Amino acid sequence: MKICLISNLYNPYILGGAEIYVERIAKYLAKKNEVIIITTKPYEGLSSLKLSVEIKDNIKIYRFYPLNIYHTYHASNIKIPDFLRILWHIIDLWNIHSYFIIKKILKKEKPNVVHTHNLSSLSHSTFDAVKSLKFPLVHKIVDCAIICPYAVLLCPMRNWKICKYPIYPCKIYRKIKNKIVDNKPDIVTAPSQLTLDMHTKNGFFRYSKKICLPNGIEIDNQFYINNSNFSFDIGGNLKNTKINILYVGGLTKYKGVHILINAFKQIKNKNVKLHIVGGGNYQKNLKALAKKDGRITFYGKLSNEEVQGFYKIGNIVIVPSICYDNLPGVIQESFRVGTPVIGSRIGGLPESIKNGHNGFLFEPGNTKQLKEILENIIKNPGQLKELSKNARKSVEKYEISKHVEKLINIYKEAIKLNKQKYR
């Protein structure tokens, strides 16, 4: 089978788990199939607008810069004026440059199926490019970008609170997006059922088959390191062993890292350390918030390989999101090494984190509740042993080879559905 994967970013341009996932499935699919990637590259002069082609890991990768105000890869670390963001979103509603470039590649390659992922920068003109050639289309929902221009359903005009009732411009945005994407994909998938339901509730993908498919991940004993064994003195007190709390992810306001820092600073135990791995435009604010606490260390943005090393030292991982996170890859990566996760009770997180089984849940933004959970773990670290075992078991069903088998079946079904559509 010839499979075309389309993603706005691809290694080495990585901002989060979405790009890591695309590379992961591409490599496994390429073992038995022909795989091509269509993705973007940052602007480096007018030549960036033209296609470049490379072969890596037996995968053909097409890259180009979609004509717009800026590239999402660079925008994640700098403050963009609001008027430029608005203009960027207007162009990104239906990017004509992306449409013709992607259509040209697809005409040449003639894949059996197209699998789209995050289309920010490429725009959903990608759907029209695929369907104009009558190719089967599978789309993976990675966030709420179709519903919300900020992609996280938080409204800056309402002090970054959850957006339950969209303002008028956002209603118009949703209507336009709906016109663009409706009835295009043959099958739509998402890592969490909540994300699928949210799009259905808002009237998206009415005629597409919908499948909840959690991400796949490599499961191997080399990844399993149980960091839950601690030594105690005769009185049952924890010896001079440090408990390492880990955050991995983007340093943006909606990820809730400020909630974590505020909760951590209220804990007086000196044998606890907080390791923060990641970069983003909220980094300066977070460093200022943590400045007087020597137990908190920022490591900046690291490669995926370097990040994996941090999972091996973490006794507990925190996902303090205040937005509707789909299913952050950090949860599966933590569970893989046997590290329990404390996460916000929001988005798709409760579908993976089971309270008291493989981690703990707290109400999003509730500093006091998070502090109490952390203090309970510090006072009773022995509980981490059972949580660790359960965390590892929780992720084993998502082993990557099984996941890819499911993908192949989804592709075959999309091909059948597409044939019926064009009879």
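Restrict the check to region 131-141 and report whether at least one residue is farther than 29 Å from residue 84 by Cα, over 22 Å from the mean Cα position of the chain (by Cα) and assigned to a helix (DSSP H, G or I).
As a first pass, look at region 131-141 and keep what is farther than 29 Å from residue 84 by Cα: 131-138.
Still in the running and over 22 Å from the mean Cα position of the chain (by Cα): 131-136.
After this cut, where a residue has to be assigned to a helix (DSSP H, G or I) as well, the list is 131-132.
Yes, region 131-141 contains a residue that is farther than 29 Å from residue 84 by Cα, over 22 Å from the mean Cα position of the chain (by Cα) and assigned to a helix (DSSP H, G or I).
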Quiz prompt | Identity of the residue in region 288-305, under 20 Å from the mean Cα position of the chain (by Cα) and part of a helix (DSSP H, G or I), that ends up surrounded by the fewest Cβ atoms within 10 Å (Cβ to Cβ) | solution = 305
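Within region 363-376, can you find the residues that are out of contact with any strand residue (DSSP E or B) (no Cβ under 6 Å at 6 or more places or on another chain) and either buried (at least 24 other Cβ atoms within 10 Å of the Cβ) or in a helix (DSSP H, G or I) (or both)? Full working, then the answer.
Step one: of region 363-376, the residues out of contact with any strand residue (DSSP E or B) (no Cβ under 6 Å at 6 or more places or on another chain) are 363, 365-368, 371-372, 374-376.
Passing the criteria: 367, 368, 371, 372, 374, 375, 376.
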Quiz item: Which one of the conditions (1) part of a helix (DSSP H, G or I); (2) touching a Gly at 6+ places or on another chain (Cβ under 7 Å); (3) not charged (D, E, K, R) does residue 322 fail to meet, given that it meets all the rest?
Solution: (1)
Practice problem: Would you please name the residue that is nearest to the chain's Cα centre (by Cα), looking only at residues in region 324-379 that are more than 20 Å from residue 249 (Cα to Cα) and among the aliphatic types (A, V, I, L, M)? | Solution: 373
Quiz item: Under the condition of being exposed (fewer than 14 other Cβ atoms within 10 Å of the Cβ) and either touching a residue at least 24 places away in the same chain (Cβ under 8 Å) or not assigned by TED's automatic domain parsing to the domain that holds residue 140 (or both), which residue from region 52-72 is farthest from the chain's Cα centre (by Cα)?
Solution: 58
Exercise. Among the residues of region 380-423, write down those that are over 29 Å from residue 271 (Cβ atoms) and more than 25 Å from the chain's Cα centre (by Cα).
Key: 412, 413, 415, 416, 417, 418, 419, 420, 421, 422, 423
Quiz item: Any residue at all in region 261-278 that is crowded, with 17+ Cβ neighbours inside 10 Å, under 15 Å from the mean Cα position of the chain (by Cα) and not hydrophobic (A, V, I, L, M, F, W, C)?
Solution: yes
Quiz prompt | Matching entry among 329, 382, 338, 348 (being at positive phi and modelled with pLDDT under 95) | solution = 338
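Which residues, counting only those in region 46-89, are part of a loop (DSSP other than H, G, I, E, B) and among the basic types (Lys, Arg)? Talk me through it step by step, then tell me what you get.
As a first pass, look at region 46-89 and keep what is part of a loop (DSSP other than H, G, I, E, B): 50-51, 57-58, 65-71, 76-81.
Within region 46-89, 50, 79 qualify.
May I ask you to say which residue of 367, 339 is out of contact with any Phe, Trp or Tyr (no Cβ under 9 Å at 6 or more places or on another chain), under 22 Å from residue 243 (Cβ atoms) and among the hydroxyl-bearing types (Ser, Thr, Tyr)? Before you say what the answer is, go through the steps one by one.
On the way: 339 fails: out of contact with any Phe, Trp or Tyr (no Cβ under 9 Å at 6 or more places or on another chain).
So the residue among 367, 339 that is out of contact with any Phe, Trp or Tyr (no Cβ under 9 Å at 6 or more places or on another chain), under 22 Å from residue 243 (Cβ atoms) and among the hydroxyl-bearing types (Ser, Thr, Tyr) is 367.
Residues are listed down the side, and each one gets a yes or a no for (1) out of contact with any Lys or Arg (no Cβ under 8 Å at 6 or more places or on another chain); (2) assigned by TED's automatic domain parsing to the domain that holds residue 391; (3) part of a loop (DSSP other than H, G, I, E, B):
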residue	(1), (2), (3)
244	no, yes, no
250	yes, yes, yes
254	yes, yes, no
286	yes, yes, no
307	yes, yes, no
Exercise. State all residues of region 383-398 that are closer than 24 Å to residue 210 by Cβ and surrounded by fewer than 16 Cβ atoms within 10 Å (Cβ to Cβ); if no residue qualifies, say none.
Key: 397
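Here's the yes/no breakdown for (1) over 15 Å from the mean Cα position of the chain (by Cα); (2) at pLDDT 95 or above; (3) surrounded by 23 or more Cβ atoms within 10 Å (Cβ to Cβ); (4) not assigned by TED's automatic domain parsing to the domain that holds residue 413:
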residue	(1), (2), (3), (4)
126	yes, yes, yes, no
144	no, no, yes, no
147	yes, no, yes, no
164	yes, no, no, no
168	yes, no, no, no
177	yes, no, no, no
198	yes, no, no, no
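The values are calculated or read from the model by the stated rules, or taken from the named source; none is laboratory data. Computed from a predicted model, the values in this text were never measured in an experiment. Neighbour counts run over all protein chains shown; Cβ positions are idealised from the backbone, glycine included.
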